[in-house]
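The values are calculated or read from the model by the stated rules, or taken from the named source; none is laboratory data. This is a predicted model, so every value here is computed, not measured. Here Cβ is always computed from backbone atoms with ideal geometry, including for glycine, and neighbour counts include all displayed protein chains.
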Amino acid sequence: MSEQPHAHRWAAVLANDARADGDFFYAVKTTGIYCRPSCPSRPPRRENVLFFDDAAQAEQAGFRACKRCQPQQRSRAARNTERVAQACRFIEDSDKAPSLAVLAERAGLSRFHFQRVFKDAIGMTPRQYAIACRERRVQTALASGQDVTEAVFGAGYESSGHFYANADQALGMAPTAYRNGGTDQVIRFALGETTLGTILVAGTERGICSISLGDDPEGLIQSLQARFARAQLIGGDGVFEDYVATVVGFVEAPAQALDLPLDIRGTVFQQRVWHALQRIPCGQTASYAEIAARIGAPAAARAVARACAGNTLAIAIPCHRVVRTDGALSGYRWGVARKRALLDREAKAAHNDAHTDC
């Protein structure tokens, strides 16, 4: 329990925010009752409110459970989260994509309600999730050297034609090349130096596929090699030297946009998140919850965080502009110190631009 002010907790209570259910409970000293954040009861006065980390603490302090929101029971959000988790496991373990009717029946919900609950939690429909699982199975099978046809049908595709229609987007290269570890693929790269450390830019004929930051140039190259194990890496390419210069220039003096051709590879959900990140203006930030809402999946903040962690295009896909709901900086693939420095530079650049406009 803490009697210190908690601005974000109080804001959740005022908003009846179901997303905060389970994170904390609040009690009202004048009534002797404790509630979950989403309780529809009339908001109490702030000076009468105490916050608790769990229901047991509230009861030990002498408060009784609210009869409206029933905080001692599992929340509807928690029950739905469990339903979705079970559905995901069922989809992942199924040879073929289960129908919406089957999934809804297993969850004990109507098809419409289940579809909505699933999409709110995951950020995609059950069918899209099944497709993503099928793509991962193909990737795993091909990476192990399995025959393309065998991998396609083993993953649950009903025809090879259906797979090949989307293979380039799913794999980023031809299936045979993917099976061979990218043997036929050429990855060009170049290194540069910034005040935040070494930067590596790499790309295919389709565009930039990797931008990474670090302290050890050799380590960055080794990471690139591990990601494209059998691809042909070509360093010191003149075109990529220009791309590096562009990225370095942005790091040192942030502008409104970083215009580069990108070879973006990820699941449907990841790409939706990354597209939303690219729309955050330079000098501004957004929370994981805000990004989840923008892509139409308000309950998928944790999935958004995982998509940010999976981003391999630093700066170009600005995952450094995503922060926690309370404004604190969370983890960053290339170091929290770099994240803070990038945000400080962008905020200063935006301030200077606004001052110039005035």
For region 54-80, give me the residue count where each residue is polar (S, T, N, Q), assigned to a loop (DSSP other than H, G, I, E, B) and closer than 24 Å to PRO298 by Cα.
3
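Of the residues in region 112-126, how many are free of Cβ contacts under 8 Å to residues at least 60 places away in the same chain and either among the polar types (S, T, N, Q) or buried (at least 16 other Cβ atoms within 10 Å of the Cβ) (or both)?
Count: 6.
So that you can scan it fast, the table gives a plain yes or no per residue for (1) within 30 Å of the chain's Cα centre (by Cα); (2) in a loop (DSSP other than H, G, I, E, B):
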| position | (1), (2) |
| --- | --- |
| TYR26 | yes, no |
| SER41 | no, yes |
| PRO44 | no, yes |
| PHE51 | yes, no |
| GLU82 | yes, no |
| GLN86 | yes, no |
| LYS96 | yes, yes |
| LEU103 | yes, no |
| HIS113 | yes, no |
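Hey, can you tell me all the residues within region 300-331 that are in a loop (DSSP other than H, G, I, E, B) and under 16 Å from LEU262 (Cβ atoms)?
Selection gives GLY310, ASN311, THR312, ALA314, ILE315, ALA316, ILE317, PRO318.
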Give ASP23, ASP54 a once-over and let me know the one that is within 24 Å of SER287 (Cα to Cα), surrounded by fewer than 21 Cβ atoms within 10 Å (Cβ to Cβ), of a type in the set (Asp, Glu) and modelled with pLDDT under 90.
ASP23
Enumeration of residues in region 194-218 that are more than 16 Å from ASP237 (Cα to Cα) and in a strand (DSSP E or B)
THR194, GLY197, THR198, SER212, LEU213, GLY214
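Return a yes/no flag: does region 247-254 have any residue that is in contact with a Leu (Cβ under 8 Å, 6 or more places away or on another chain), part of a loop (DSSP other than H, G, I, E, B), modelled with pLDDT under 85 and closer than 27 Å to ALA190 by Cα. It would help to see each step written out before you state the result.
The first filter runs over region 247-254 and keeps only residues in contact with a Leu (Cβ under 8 Å, 6 or more places away or on another chain), leaving 247, 250-251, 254.
Going one step further and asking which of them are part of a loop (DSSP other than H, G, I, E, B), we end up with 254.
Imposing the further condition that a residue be modelled with pLDDT under 85 reduces the set to 254.
Add one more test, that the residue is closer than 27 Å to ALA190 by Cα, and what stays is 254.
Yes, some residue in region 247-254 is in contact with a Leu (Cβ under 8 Å, 6 or more places away or on another chain), part of a loop (DSSP other than H, G, I, E, B), modelled with pLDDT under 85 and closer than 27 Å to ALA190 by Cα.
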Of all residues in region 255-271, which are crowded, with 20+ Cβ neighbours inside 10 Å, assigned to a helix (DSSP H, G or I) and not polar (S, T, N, Q)?
PHE269
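Yes/no per residue for (1) of a type outside the set (Gly, Ala, Ser); (2) at positive phi; (3) in contact with a strand residue (DSSP E or B) (Cβ under 6 Å, 6 or more places away or on another chain):
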residue	(1), (2), (3)
ARG227	yes, no, no
GLY238	no, no, no
LEU262	yes, no, yes
ALA276	no, no, no
ARG279	yes, no, no
ALA293	no, no, no
Just checking, how many residues over region 26-45 are surrounded by fewer than 14 Cβ atoms within 10 Å (Cβ to Cβ), closer than 27 Å to VAL117 by Cβ and in contact with a strand residue (DSSP E or B) (Cβ under 7 Å, 6 or more places away or on another chain)?
0
Which members of region 316-352 meet the condition of being under 16 Å from VAL273 (Cα atoms), more than 15 Å from the chain's Cα centre (by Cα) and either surrounded by fewer than 22 Cβ atoms within 10 Å (Cβ to Cβ) or of a type outside the set (A, V, I, L, M) (or both)?
none
